[in-house]
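Below is one structure, written out as structure tokens; the observations come after it.
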Amino acid sequence: MKSAFTVLVLAVGLATQSAAADIFEPFTTANMNPFTRLHGVPQTRSAQLTTAGKLEVGLQLDVANNFTDSLSGNERIRLDGETHRTNLSLRYGLSERWELGIDLPYIRHSGGSLDGFIENWHSWFGLPNGGREDSAQDELNYFWRHGTQTRASLTRSESGMGDITVYAGYRLGGDDERQWTVRAGASLPTGDADSLTGSGGTDVFASLHVSQASLWGSERLRFHGSIGAALLDDTDIIGATIEDWIVFGSGSLAWQVHDRVSLKTQLDFNTAAYDSDLKELGDFSTQLTLGGTLLLGSATRLDIGVTEDIITDTSPDVVFHLALRRWF
């Protein structure tokens, strides 16, 4: 995490002024459940396309702390550990109506170092720890079993390239107040299911996005919404049954409190990726992200957010989100 943050800081120092950054853009988030994240749910985007002839370069770090342990029917799951996802994203504006994009993620699963902090946080605010206090801190145990069959098991750190996502965006229309865009793409099997860095299949997706400026008559308020679906391929996880489709979407509200600062709240949701009796894998999921954006010069934007699981156990307890974006 320290090395990735250092890269973010260095990138700020190397920044040049070349294009306009938008402090109203939503957080580029998605469900960081280590099993759900394997499949083709793209990160949240607005309806705003990259300016024609410009390149957006993004470096993003998500640190997800997981703890859940449950048994349902013949299935058992335990998610105890941390997942770090470092993502390099590139978006290029082909024209006023078209853009191309690619996400290049690197995934690391480990015991992490945040368990003590999170337990103290829960204690300070009188929140339940959900059994954390009965388990050793900062250990990795990602485990899923059905009957006598172990479908996945990680007890030592694993890392590697995740599944690369490629996509295209097309602006349907709109004006200065409202824009509509569609995006479509695919998640490619470049990761490894055994180390939970990839699904082993090719998932394809499409989504509709809307961005509304001057919300409720205020130029300092903006709304972004999206809805989409992904067609899921088979997975290399032993014995796992994948749903045919997963539906996903988001809604975000941004409030500009200063010329260079905006505060944001965002909800992201997805249906289940697996046919499973376990809540962690077979239930609808919703996450809430709170934070903001800092404009560092006219062409650099830094997002800082914290994500909590609104529907417990269907996504990580907490995710810390950092994303630096530059326009060239």
Legend entry - Tally of residues being crowded, with 23+ Cβ neighbours inside 10 Å and in contact with a helix residue (DSSP H, G or I) (Cβ under 9 Å, 6 or more places away or on another chain) across segment 300-314: 1
Legend entry - Odd one out for Thr155, checked against (1) surrounded by 16 or more Cβ atoms within 10 Å (Cβ to Cβ); (2) over 22 Å from Leu94 (Cβ atoms); (3) among the β-branched types (Val, Ile, Thr); (4) out of contact with any helix residue (DSSP H, G or I) (no Cβ under 8 Å at 6 or more places or on another chain): (1)
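Out of curiosity, is Asp62 charged (D, E, K, R) and either closer than 19 Å to Met161 by Cα or at pLDDT 95 or above (or both)?
Judged against the criteria, Asp62 is a match.
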Inset, instruction - Would you be able to say whether some residue in segment 279-291 is acidic (Asp, Glu), under 30 Å from Phe143 (Cα atoms) and surrounded by 22 or more Cβ atoms within 10 Å (Cβ to Cβ)? - result: yes
Inset, instruction - Those residues that are over 30 Å from Glu75 (Cα atoms), surrounded by fewer than 23 Cβ atoms within 10 Å (Cβ to Cβ) and touching a strand residue (DSSP E or B) at 6+ places or on another chain (Cβ under 7 Å), I need them from segment 203-251; list them, please. - result: Ala206, Leu208, Val210, Gln212, Ala213, Leu215, Arg220, Leu221, Phe223, Gly225, Ile227, Gly251
Inset, instruction - Output the residues belonging to segment 284-305 that are closer than 15 Å to Ser262 by Cα and free of Cβ contacts under 8 Å to residues at least 24 places away in the same chain. - result: Ile304
Inset, instruction - Within segment 276-316, count every residue that is in contact with a Gly (Cβ under 7 Å, 6 or more places away or on another chain) and assigned to a loop (DSSP other than H, G, I, E, B). - result: 2
Inset, instruction - Test Ala193 against the stated conditions and say whether it is small (Gly, Ala, Ser), out of contact with any Asp or Glu (no Cβ under 7 Å at 6 or more places or on another chain) and at pLDDT 95 or above. - result: no
Legend entry - Residue tally, condition buried (at least 20 other Cβ atoms within 10 Å of the Cβ) and of a type outside the set (S, T, N, Q), over segment 160-188: 6
Legend entry - Qualifying residues in segment 171-229 (those that are acidic (Asp, Glu) and touching a Ser or Thr at 6+ places or on another chain (Cβ under 8 Å)) - the one farthest from His109 (Cα to Cα): Glu177
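Out of Asp317, Asp268, I need the residue that is modelled with pLDDT of 95 or more, surrounded by 15 or more Cβ atoms within 10 Å (Cβ to Cβ) and of a type in the set (Asp, Glu). Which one? Spell out the reasoning first.
Numbers: Asp317 fails: modelled with pLDDT of 95 or more.
Checking each option against the conditions leaves just Asp268.
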Inset, instruction - Return the pairs, sorted by first residue and then second, in which the second residue is in a strand (DSSP E or B), the first residue lies in segment 53-69 and is over 30 Å from Leu100 (Cβ atoms), the beta carbons are less than 6 Å apart, and the residues are 6+ apart or on different chains. - result: Asn65/Glu82; Asn65/Val318; Asn66/Leu79; Asn66/Gly81; Phe67/Asp80; Thr68/Leu79; Asp69/Arg78
Legend entry - Given (1) of a type in the set (A, V, I, L, M); (2) modelled with pLDDT under 95; (3) more than 19 Å from the chain's Cα centre (by Cα), number of the condition Leu55 does not satisfy: (2)
Inset, instruction - Please report, ordered by residue number, the strands (runs of 3 or more DSSP E) entirely within segment 32-128 with at least 1 residues that are touching a helix residue (DSSP H, G or I) at 6+ places or on another chain (Cβ under 8 Å) and surrounded by fewer than 23 Cβ atoms within 10 Å (Cβ to Cβ). - result: 55-72, 75-93
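The values are calculated or read from the model by the stated rules, or taken from the named source; none is laboratory data. In this text, all values refer to a predicted model and were calculated from it rather than measured experimentally. Glycine also receives a Cβ, built like all others from the backbone with ideal geometry; neighbour counts cover every protein chain displayed.
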